[in-house]
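> Sharing a structure with you now.
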Amino acid sequence: MRYPLPSLLTAAGFAVRGNRFNCRCDGGSKYTGSLNAEKGVAYCHRCHHSLTARQLGRERGVNLPGCRIGRARIMRQRFRDWLAATAGDLSDRERRLARRAEWAKAALTSFSDMDSAWNCLAAWYHARRTYELFWESACDKVGRFWLYRSWRKHAC
Ligand SMILES: [Zn+2]
């Protein structure tokens, strides 16, 4: 059995008997639902409602791995694409901000009370920390793992 589907269903308040479960659409105890623990999917033949082990797990605050074996590989590829896109995006923004910060510094030598220039510099110093963190994480194995984890949380 790949997924603890029976216990997840039980925990969610469904009565389970073997590969059948008692769906909420059924007033009696006809066990109209069937479950496939290998695929991690439960399905009711009466109301056609389907539940996955992942959904049930999430309701209980448990994060189960993806439904298909190939999924991990697909997600890793998507993560790599995202990382490359984000890195490109960030370095563009970083360059733009850095250039503006240089202008701001030049402007401030002549006009020291120029608010927009101060704001520009503040934005740069603030953003630089974020960029540093990102580059550190992206270049480091452990950092990439944490980036991946937080990315996964938003991508699913
Ligand atoms: Zn049902």
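> Could you give me the residue pairs with C-beta distances under 8 Å whose first residue belongs to the range 108-120 and is within 13 Å of LEU97 (Cα to Cα), whose second residue is in a loop (DSSP other than H, G, I, E, B) wherever it lies, and which are 6+ apart or on separate chains?
Short answer, once both residue conditions are applied: ALA117/PHE111.
> Can you tell me which residue is farthest from the chain's Cα centre (by Cα) among those in the range 39-81 that are assigned to a helix (DSSP H, G or I) and at pLDDT 85 or above?
Applying the filter and picking the extreme gives ALA53.
> Output the residue which, of all residues in the range 114-156 that are among the acidic types (Asp, Glu), out of contact with any Gly (no Cβ under 8 Å at 6 or more places or on another chain) and assigned to a helix (DSSP H, G or I), is surrounded by the fewest Cβ atoms within 10 Å (Cβ to Cβ).
The extreme case among them is ASP115.
> Can I ask one more? Between residues in the range 7-36 that are touching a residue at least 40 places away in the same chain (Cβ under 8 Å) and residues that are loosely packed, with under 15 Cβ neighbours inside 10 Å and in a helix (DSSP H, G or I), which pairs lie under 8 Å by C-beta distance while being six or more apart or on different chains?
Listed by first residue and then by second, the contacts come to ALA12/GLU59.
> Would you confirm whether any residue within the range 84-95 is within 16 Å of the ligand (Cβ to nearest atom), at pLDDT 85 or above and exposed (fewer than 14 other Cβ atoms within 10 Å of the Cβ)?
no
> Out of the range 1-24, which residues are part of a loop (DSSP other than H, G, I, E, B), within 13 Å of the ligand (Cβ to nearest atom) and modelled with pLDDT of 85 or more?
Within the range 1-24, PHE14, CYS23 qualify.
> Considering only residues of the range 39-61 that are more than 16 Å from the ligand (Cβ to nearest atom) and free of Cβ contacts under 8 Å to residues at least 12 places away in the same chain, which is nearest to ARG152 (Cα to Cα)?
Taking the candidates together, the pick is ARG58.
The values are calculated or read from the model by the stated rules, or taken from the named source; none is laboratory data. Since the model is a prediction, treat every value here as computed from it, not as a measurement. Here Cβ is always computed from backbone atoms with ideal geometry, including for glycine, and neighbour counts include all displayed protein chains.
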